[in-house]
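K.L.:
Before anything else, here's the structure in question.
Just so it is clear, none of the values below were taken in a lab; they were calculated from the coordinates. Keep in mind the model is a prediction, meaning the values are calculated, not measured. Here Cβ is always computed from backbone atoms with ideal geometry, including for glycine, and neighbour counts include all displayed protein chains.
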């Protein structure tokens, strides 16, 4: 009696920040993976498949509110469930 619900479809744009309008909590109940140019990244904070970019932290640098500074990397983005 193992009832598992199928994961929701991955959105075109997703953010791990709960304050963002692109945050979907139901997606994070499952393990999500991101590939940029066929290389899997584990440090992705936000992505957009249609525009072809991801945002990752810029080292240990923080903004004045204590959140990591993000840089945008462009390329072919793929999102998948592990």
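K.L.:
Looking at segment 56-75, can you tell me whether even one residue there is free of Cβ contacts under 8 Å to residues at least 60 places away in the same chain and under 27 Å from residue 6 (Cα atoms)?
P.N.:
no
K.L.:
Please count how many residues of segment 25-70 are part of a strand (DSSP E or B), loosely packed, with under 11 Cβ neighbours inside 10 Å and on the phi < 0 side of the Ramachandran plot.
P.N.:
Residues meeting the conditions: 3.
K.L.:
Still on this structure, please answer the following. Limited to segment 1-15, what total is found for residues that are in contact with a strand residue (DSSP E or B) (Cβ under 7 Å, 6 or more places away or on another chain) and in a loop (DSSP other than H, G, I, E, B)?
P.N.:
Within segment 1-15, residues that are in contact with a strand residue (DSSP E or B) (Cβ under 7 Å, 6 or more places away or on another chain) and in a loop (DSSP other than H, G, I, E, B) number 3.
K.L.:
Can you tell me which condition residue 80 does not meet? The list is (1) in a strand (DSSP E or B); (2) surrounded by 12 or more Cβ atoms within 10 Å (Cβ to Cβ), and all the others hold.
P.N.:
The single condition residue 80 does not satisfy is (2).
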